[in-house]
1. Can you tell me the 0 to 90 degree angle between the C-alpha axis of helix A:141-153 and the longest principal axis of chain A, rounded to 10?
2. Rounded to the nearest Å, what's the spacing between the alpha carbon centres of region A:218-264 and region B:68-110? Just the number, please.
3. How much FRET efficiency would the formula 1/(1 + (r/R0)^6) give for residue B:109 and residue B:293, where r is the Cβ-Cβ distance and R0 is 30 Å, rounded to 0.05?
4. Under the classification rounded if a/c is under 1.5, otherwise prolate if a/b is larger than b/c and oblate if not, where does region B:33-167 fall, given a ≥ b ≥ c as square roots of the Cα gyration tensor eigenvalues?
5. In whole Å and largest first, what semi-axes does the C-alpha gyration tensor of the protein assembly as shown yield when each eigenvalue is scaled by 5 and square-rooted?
6. Under the 0.36 nm per residue contour assumption, what length would be gained going from the current alpha-carbon distance of residue B:74 and residue B:164 to full extension?
7. If neighbour count is taken as other Cβ atoms inside 10 Å, put A:156, A:4 in order from fewest to most.
8. For an R0 of 51 angstrom, estimate the FRET efficiency from the Cβ-Cβ distance between residue A:258 and residue B:199 and round to the nearest 0.05.
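Read the figures in this text as sums done on the coordinates, not as results from a lab. Given the structure is predicted, the values throughout are model-derived calculations rather than measurements. Using ideal geometry, Cβ is built from the backbone for each residue, glycine included, and neighbour counts are taken over all protein chains shown.
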């Protein structure tokens with residue numbers, strides 16, 4: 001792999017005998033946004049810190065624009081890093097915070113007016129234009145996060161690292177800024193790494209998504225690949241809102257070359273599309289079932305309602321299939337009571353199968 | 001309070017037995033009473049009494065008739081008083097900035113994860129842990145004429161002073177005292193500033209590196225402003241303390257040669273116990289207090305507005 005973007009190859013960091021990160025292999029092309037997603041504590045921030053040079057990898061290479069970064073000091077890497085912890089300068093005003101990276105030595109000298117104009121333009125987009133004179137201590141968490149975002153995006157960097165850039169904003173602002181940042185970053189000729197624990201955010205902003213679990217990248221692909229063909233049950237459990245339901249059971253050969261799935265309280269004939277891809281013979285499998293692939297009013301399985309959450313144009317029903325908890329998304333707006341028995345129909349198009357032991361997609 | 005102390009032991013106590021009430025408006029006063037009482041007895045009463053004496057004829061332990069501002073007039077027309085202010089002013093103006101700079105440099109060096117840091121730090125405590133009298137005696141010996149360790153090995157060798165102590169020279173005695181003060185207080189400044197630097201949050205420093213700031217910029221644009229409250233308070237305390245210097249001067253020169261190293265504290269002592277002019281001594285103490293009262297207030301206002309601390 002070779003292009004002018006950011007390339008991490010075999011990047012690894014050991015913390016102790018058990019805990020470590022990597023080896024990570026990841027590449028981001030110029031103008032591309034790659035999202036790094038995974039549960040908290042999996043090493044997303046550490047990966048960002050290794051790129052910016054705040055943390056030393058034990059092994060592996062980082063190259064940016066064709067040259068190795070590993071031997072360069074932090075200041076010389078041309079990285080714009082937005083920290084998850086914001087890392088604002090508490091003694092400087094919001095405007096001074098945002099202007100700080102533009103005043104670093106070696107950066108092109110900007111006139112006072114030009115500097116103020118660039119800072120103000122970004123603050124306005126983030127809807128904190130009126131707070132320029134405040135100190136970070138006088139801001140709310142979401143406002144601080146936007147200051148940190150502005151301080152990162154104001155730079156003409158060779159790579160942008162956005163570590164959870166919009167996670168503490170309210171939903172409305174998050175939606176606005178998500179689109180704005182994506183539009184801006186894809187218009188640049190440099191790579192952007194966007195880290196977020198929210199897999200749906202990752203799918204929506206990125207050109208490609210790397211799913212990181214336990215310090216390793218378990219799947220790296222387009223949002224469609226991640227969403228429609230999760231590589232493992234762990235990825236499946238992370239992606240989707242709500243995430244995919246997983247049901248343990250057995251794969252069985254049926255008459256006429258067909259295949260079927262039998263689990264506790266459920267017996268399904270699998271579509272030819274799936275059956276054709278499967279190796280023959282009975283085996284333990286995990287069935288992945290999207291919440292939207294089940295509809296209320298069918299005869300494929302019988303569930304007992306556990307909770308019902310209406311969201312306006314759809315509702316989420318949590319229900320028990322014997323002892324497996326499932327979530328389904330329904331457009332029906334009628335009320336469901338706890339312990340009510342409901343029959344569901346299953347749309348075979350939304351099914352994914354995983355191996356019962358390796359937990360990898362079949 | 002019932003919610004907090006609803007433990008079994010408190011639960012069976014009768015409600016009527018609750019002899020104290022946290023909500024009582026006297027409770028806060030009860031809490032600060034011991035401190036206020038101690039301060040009143042050991043600080044406020046003696047101070048007020050001294051102010052009262054300064055307005056009376058007081059000599060040889062006898063307090064006589066009301067004298068108005070006669071004591072102050074006598075003090076302010078005494079050239080020795082103005083000399084002492086000059087001595088202390090020079091002492092502060094040279095010693096404190098040097099201690100401050102060396103303290104900052106030392107703290108920066110200590111912050112660099114140097115080797116043997118844990119061995120070095122206890123040694124740095126030694127000068128500030130020693131009684132000032134001992135510090136004086138140590139340096140009296142070290143800088144003694146001809147045979148003192150320092151005099152013999154350094155000063156004599158380079159022909160700076162021959163056969164006499166630094167403290168015997170009217171021109172150099174004050175600088176000798178300043179040197180001793182720097183020796184005594186720089187380690188304290190190093191440790192205080194080092195502790196302050198350790199307490200600073202780490203992530204703005206990461207951000208500054210990534211933002212491209214070099215170490216010099218990081219020091220002036222992050223470390224110093226973030227340390228400002230500590231620097232201001234320590235600088236103020238050290239200034240006041242250095243102005244009141246007494247013990248080391250008493251041991252090393254007792255204000256001499258002549259009156260070239262006579263600080264206000266030493267002069268106050270002499271007024272009281274050498275000349276028995278207790279009224280004038282009290283007036284001196286009141287004047288010094290007034291000077292610092294004004295100085296601290298002005299300083300506080302400047303620090304508040306210009307440096308954004310407090």
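1. 70
2. 80
3. For residue B:109 and residue B:293, the calculated efficiency is 0.20.
4. It is oblate, given that a/c is not under 1.5 and a/b is not larger than b/c.
5. Equivalent ellipsoid semi-axes, largest first: 74, 33, 24 Å.
6. Between residue B:74 and residue B:164, full extension yields 28.8 nm more.
7. A:156, A:4
8. Calculated transfer efficiency: 0.15.
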